[in-house]
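Asks: One structure follows; several queries about it will come next.
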Amino acid sequence: MHQVFNVSLTHFLLVSIVLVSAGVATILTKRNAIGILIGVELILNAAGVNFVAFNHYAWPAAYPVGEANDGVLFTLFIIVLAAAEAALALAIFLNFYNNFNTVDVDKASELRG
């Protein structure tokens, strides 16, 4: 069978670079707290892509099939961490919205004590 596309580690790294760039750009340009949270999620997903890609391509013959799952386990940990971070951040944003009727992060300076 002829393989049309040869996907290598470089392709996954390029996808990861695009995700990190989009995440950083989103964090720097958005004033909305939800937009900033989306940027953080993009950066965490880029880290997960890197872990899985390096797990697959860096040691393809070092371990028998099914034993080298470190990258997948780290990515699973990132997914759990991102879910917890999103739940906590959304709770904070909802409380902030109830107090100030906005989710604009520039208004957060009023929270100083």
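The values are calculated or read from the model by the stated rules, or taken from the named source; none is laboratory data. For clarity, every value in this text was computed on a predicted model and none was experimentally measured. FYI the Cβ positions are ideal-geometry reconstructions off the backbone, even for glycines, and counts take in every protein chain you see.
Asks: Considering only residues that are exposed (fewer than 13 other Cβ atoms within 10 Å of the Cβ) and either modelled with pLDDT under 85 or aromatic (Phe, Trp, Tyr) (or both), which ones fall in region 70-84?
Replies: Hit for region 70-84 is Phe77, nothing else.
Listed here are the residues, each with its yes/no results for (1) modelled with pLDDT of 90 or more; (2) in contact with an Asp or Glu (Cβ under 7 Å, 6 or more places away or on another chain); (3) farther than 21 Å from Glu85 by Cα.
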| site | (1), (2), (3) |
| --- | --- |
| Val4 | no, no, yes |
| His11 | yes, no, yes |
| Ser16 | yes, no, no |
| Gly23 | yes, no, no |
| Thr26 | yes, no, no |
| Arg31 | no, yes, no |
| Gly39 | yes, no, no |
| Ala46 | yes, no, no |
| Phe51 | yes, no, no |
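Asks: Could you grab me the full set of residues in region 3-20 that are surrounded by 13 or more Cβ atoms within 10 Å (Cβ to Cβ) and either in contact (Cβ under 8 Å) with a residue 40 or more places away in the chain or within 30 Å of Asn98 (Cα to Cα) (or both)?
Replies: Leu9, Phe12, Leu13
Asks: Across region 85-113, which residue is modelled with the lowest pLDDT among those that are part of a loop (DSSP other than H, G, I, E, B) and surrounded by 13 or more Cβ atoms within 10 Å (Cβ to Cβ)?
Replies: Of everything passing the filter in region 85-113, Val103 is modelled with the lowest pLDDT.
Asks: Still on this model: Taking Leu14 as the residue in question, decide whether it is among the hydrophobic types (A, V, I, L, M, F, W, C) and over 20 Å from Ala108 (Cβ atoms).
Replies: For Leu14, the condition - among the hydrophobic types (A, V, I, L, M, F, W, C) and over 20 Å from Ala108 (Cβ atoms) - is met.
Asks: Could you grab me the full set of residues in region 68-79 that are farther than 14 Å from Val40 by Cα and in a helix (DSSP H, G or I)?
Replies: So the first thing to find is which residues in region 68-79 are farther than 14 Å from Val40 by Cα, and the list is 68-77.
Within region 68-79, Asp70, Gly71, Val72, Leu73, Phe74, Thr75, Leu76, Phe77 meet the criteria.
Asks: Identify the residue in region 21-34 that is within 13 Å of the chain's Cα centre (by Cα) and surrounded by fewer than 18 Cβ atoms within 10 Å (Cβ to Cβ) and, among all such residues, is farthest from Leu90 (Cα to Cα).
Replies: Ser21
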